[in-house]
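The values are calculated or read from the model by the stated rules, or taken from the named source; none is laboratory data. Bear in mind that the values here come from a model prediction, so they are computed numbers and not experimental data. Because the Cβ atoms are built from the backbone with ideal geometry, glycine has one as well, and the counts that use them run over all protein chains shown.
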Amino acid sequence: MCIGIPNVGKSTILNRLVHKNIAVTGNRPGVTKNQQWLKAGDNLDLLDTPGILWPKFEDQEVGMRLALSGAIADTVFNADDVALWGLTYFMQEYPARLRKAYGLNDADMTLAPHDLMAYLTSKLGFGEEYDRMATRLINDVRKGELGRYTLEVPTAEAEHADTE
Ligand SMILES: Nc1nc2c(ncn2[C@@H]2O[C@H](COP(=O)(O)OP(=O)(O)O)[C@@H](O)[C@H]2O)c(=O)[nH]1
Ligand SMILES: [Mg+2]
């Protein structure tokens, strides 16, 4: 059985395993609506499942990570908030990627995140339409325009717990 959060490639990998395009795939959450069996030879059946999420996020950051990476439908989060969260995260963790992708200099990188967002909005030709810049940034992150990224690393305690 293939289980995981939405839009991470569950259906894609099962199709590869059965060498057929049986499971429907797509670059958004909620493509697989029902459980579906795929036959992989005489002795193995694989079950594709719709993505699952925690019923409730205690930590708002969890929701931000899931939204930015495309696991939550775009209709249920505020793109401005997610983009600003993402910009802040990339400024901290991957500043060189941001500089390269958007042609930013040392001074630009010292701006507060919301000022940098406003600057990018006009720099990329969106005038004062911040929502368009927000969507652009989210899509750039998802498409890999800012390189490969990790939004969450295991804590030392979690790593320890795994090896016990
Ligand atoms: N870059 C990349 N994209 C992938 C990979 N596997 C799946 N995808 C894409 O990710 C999107 C979601 O795939 P899908 O199989 O529908 O995910 P599911 O919702 O977990 O079943 C689709 O656009 C796939 O083409 C992968 O290994 N690398
Ligand atoms: Mg699927």
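Which of the residues spanning region 111-135 are part of a helix (DSSP H, G or I), of a type outside the set (Ser, Thr, Tyr) and surrounded by fewer than 19 Cβ atoms within 10 Å (Cβ to Cβ)?
Here is the first cut: in region 111-135, the ones part of a helix (DSSP H, G or I) are 113-123, 130-135.
Checking the rest, the ones that are also of a type outside the set (Ser, Thr, Tyr) come to 113-118, 120, 123, 131-134.
Answer for region 111-135, where residues must be part of a helix (DSSP H, G or I), of a type outside the set (Ser, Thr, Tyr) and surrounded by fewer than 19 Cβ atoms within 10 Å (Cβ to Cβ): Pro113, His114, Asp115, Ala118, Lys123, Asp131, Arg132.
Residue-by-condition table, conditions (1) within 21 Å of Asn139 (Cβ to Cβ); (2) of a type in the set (Phe, Trp, Tyr); (3) assigned to a loop (DSSP other than H, G, I, E, B); (4) more than 16 Å from ligand 2 (Cβ to nearest atom):
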position	(1), (2), (3), (4)
Ile5	yes, no, yes, no
Asn15	no, no, no, no
Ala23	no, no, yes, no
Trp54	no, yes, yes, yes
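Answer yes or no: is there a residue in region 48-56 that is closer than 24 Å to Ala134 by Cβ, under 19 Å from the mean Cα position of the chain (by Cα) and either in contact (Cβ under 8 Å) with a residue 12 or more places away in the chain or not assigned by TED's automatic domain parsing to the domain that holds Met117 (or both).
For region 48-56, residues closer than 24 Å to Ala134 by Cβ, under 19 Å from the mean Cα position of the chain (by Cα) and either in contact (Cβ under 8 Å) with a residue 12 or more places away in the chain or not assigned by TED's automatic domain parsing to the domain that holds Met117 (or both): present.
Counting only residues that are surrounded by 12 or more Cβ atoms within 10 Å (Cβ to Cβ) and in contact with a Lys or Arg (Cβ under 9 Å, 6 or more places away or on another chain), which one in region 3-19 is farthest from Arg65 (Cα to Cα)?
Val18
Here is a list of conditions, (1) surrounded by 11 or more Cβ atoms within 10 Å (Cβ to Cβ); (2) over 20 Å from Asp74 (Cα atoms), and Glu145 meets all of them except one; can you say which number that is?
Here Glu145 meets the rest and fails (2).
crowded, with 19+ Cβ neighbours inside 10 Å, assigned to a helix (DSSP H, G or I) and among the aliphatic types (A, V, I, L, M): does that describe Ala83? Give the steps one after another, and end with the answer.
On the way: crowded, with 19+ Cβ neighbours inside 10 Å: yes; assigned to a helix (DSSP H, G or I): yes; among the aliphatic types (A, V, I, L, M): yes.
Criteria met by Ala83.
Condition check ((1) exposed (fewer than 12 other Cβ atoms within 10 Å of the Cβ); (2) outside any loop (DSSP other than H, G, I, E, B); (3) without any contact (Cβ under 8 Å) to a residue 40 or more places away in the chain; (4) away from ligand 1 (no atom under 16 Å from the Cβ)) across all residues:
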{"site": "Lys33", "(1), (2), (3), (4)": "yes, no, yes, no"}
{"site": "Gly70", "(1), (2), (3), (4)": "no, no, no, no"}
{"site": "Thr88", "(1), (2), (3), (4)": "no, yes, yes, yes"}
{"site": "Gln92", "(1), (2), (3), (4)": "yes, yes, yes, yes"}
{"site": "Ala101", "(1), (2), (3), (4)": "no, yes, no, yes"}
